[in-house]
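Chemist: Mind having a look at this structure? Questions to follow.
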Amino acid sequence: MNASMIALPVSQIPVAILAGGLATRLRPITEKIPKSLVPVAGRPFLAHQLEMLHARGIRRVVLCIGFLGEMIQRDFGDEAFGVKIEYSFDGEKLLGTGGAIKRALPKLGTEFFILYGDSYLPIQYAPVAETFHRSGKPGLMTVYRNEGKYDTSNVVFRDGEIVVYDKKAKLPEMRHIDYGLSMFKAHVFDAYATDQVFDLAEVMGKLVRAKQLAGYEVLERFYEMGSPAGLAELENLLASKPNG
């Protein structure tokens, strides 16, 4: 491993949180507040996310925000729960999950995690980073053997490899699902223009076809608050575990 490939400790790897969407499934709650500020067990969801990230060794996040994002900046400032926070605004138009990351690259550096803004993932991040570095590939997706239980399975994961990733095609051999945490080298986004609207799924799909997306199978189930049912379930979980 040469000097340019020295693996960073998890405390030095930023997490990009994709929190710029309109959260239409949670309306009317999200008509006046962004999804990250939706109350869960008495606190804004982002508070739970940041607290959990800090407990896993993360010390820096970049919030990719759009709709009503100024409210998040006002409420959380530049540090919360021991985590430093920077903000990357989509601007005049929503850029999609991929476009938001492209815009945030100057704040993210050479490698970073990506976490969906509605995901609550009770896993350790260091082993994900270790697998990413060991793979030598420029991208990694965490997957969970979902069997269609919590959401629609969209990944064929075989022998430690992501063979197919497709959010539209429903193949019978899809047993796994994109867990909601990924990791990338910044150069993966070189092909895209700043302010180009594109989806992170497009980036992942290209990497899968080139056999350049590593896989990490997670055994703990995921939680999300992007839907009313998911929000209710997460409320029950966090209300019963006040310290996350």
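The values are calculated or read from the model by the stated rules, or taken from the named source; none is laboratory data. In this text the structure is predicted, and so the values were computed from the model without any measurement. Positions of Cβ are backbone-derived with ideal geometry, glycine not excepted, and every protein chain shown enters the neighbour counts. Accessible surface areas use protein heavy atoms only, side chains included; no ligands, DNA or RNA. Shrake-Rupley method; radii C 1.70, N 1.55, O 1.52, S 1.80 Å.
Chemist: Over the stretch 96-212, calculate the relative contact order: mean separation of alpha carbon pairs under 8 Å at least 6 apart, over the residue count, as a percent. Let's see the in-between values first.
Modeler: On the way: 171 pairs, mean separation 47.2, N = 117.
In percent, rounded to a whole number, it is 40.
Chemist: Between the alpha-carbon centers of the stretch 50-80 and the stretch 170-225, tell me the distance in whole angstrom.
Modeler: Cα centroid of the stretch 50-80 versus Cα centroid of the stretch 170-225: 22 Å apart.
Chemist: Here is a follow-up. Could I have the simple spin-label model distance between residue 8 and residue 147, label points 7 Å from Cα toward Cβ, reported in nm to one decimal?
Modeler: If labels sit at residue 8 and residue 147, their model points lie 3.8 nm apart.
Chemist: Kindly work out what percent of the DSSP beta bridges joining two residues of the chain are antiparallel, to the nearest 5.
Modeler: That works out to approximately 50 percent antiparallel.
Chemist: So what's the net charge close to residue 157: Lys and Arg +1, Asp and Glu -1, counting the other residues with Cβ under 14 Å from its Cβ?
Modeler: Cβ neighbours under 14 Å give a net charge of -3.
Chemist: If I take R0 = 22 Å and measure r between the Cβ atoms of residue 221 and residue 169 in this structure, what FRET efficiency does the formula 1/(1 + (r/R0)^6) give, to the nearest 0.05?
Modeler: Efficiency, from the Cβ-Cβ distance: 0.40.
Chemist: Using a probe of 1.4 angstrom, how much of the accessible area of the stretch 158-244 is carbon and sulfur, in percent?
Modeler: Working: 2400 of 4620 Å².
Its accessible area is 52 percent carbon and sulfur atoms.
Chemist: Then there is this: Expressed as a whole percentage, what fraction of the accessible surface of the stretch 32-117 belongs to carbon and sulfur atoms when a 1.4 Å probe is rolled over the protein heavy atoms?
Modeler: Of the solvent-accessible surface of the stretch 32-117, carbon and sulfur hold 54 percent.
Chemist: Using a Gaussian network for the chain with springs between C-alpha atoms less than 10 Å apart, which of these wobbles most: 92, 220, 31?
Modeler: 92
Chemist: Here's something else I'd like to know. Leaving out ligands and nucleic acids, note down the accessible area per residue over the stretch 51-154 with a 1.4 angstrom probe, in whole Å².
Modeler: Here the residues of the stretch 51-154 average 41 Å² of exposed surface.
Chemist: Something else: Dipole magnitude of the chain about its Cα centre, charges +1 at Lys/Arg Cβ and -1 at Asp/Glu Cβ only, in debye to the nearest 20?
Modeler: For the chain, the charge dipole is close to 240 debye.
Chemist: Using 0.36 nm per residue, how much length does the chain from residue 31 to residue 187 gain when fully extended, once their Cα-Cα distance is taken away?
Modeler: Once the chain is fully extended between residue 31 and residue 187, it gains 52.6 nm.
Chemist: Which residue, 33, 177, 58, has the most motion in a Gaussian network model of the chain that connects Cα atoms within less than 10 Å?
Modeler: Of 33, 177, 58, the Gaussian network model singles out 33 as fluctuating most.
Chemist: Taking a spot 7 Å from the Cα of residue 55 along the direction of its beta carbon, which residues of the stretch 94-126 have an amide N less than 16 Å from it?
Modeler: 119-126
Chemist: Ok, one more. Quick one: which residues, 5+ away or cross-chain, put their amide H under 5 Å from the amide H of residue 40? H built at 1.01 Å from N.
Modeler: 45
Chemist: Taking Cα pairs under 8 Å and at least six residues apart, what relative contact order does the chain come out at, in percent?
Modeler: Value for the chain: 23 percent.
Chemist: Hey, what number do you get for the chain at 222 nm if only DSSP H runs of n ≥ 4 count, each worth -39500 (n - 2.57), divided across all residues, to the nearest 500?
Modeler: -8000 deg cm²/dmol
Chemist: Once the dipole of the stretch 16-135 is set up with Lys and Arg at +1 and Asp and Glu at -1 on Cβ about the Cα centre, which of 71, 87, 17 lies farthest towards its positive end?
Modeler: My answer, from the dipole projection, is 17.
Chemist: Would you mind checking the pairs 32/93; 84/167; 84/137; 102/206 and listing those with alpha carbons more than 21 angstrom apart?
Modeler: Cα-Cα > 21 Å for 84/167; 84/137; rest within.
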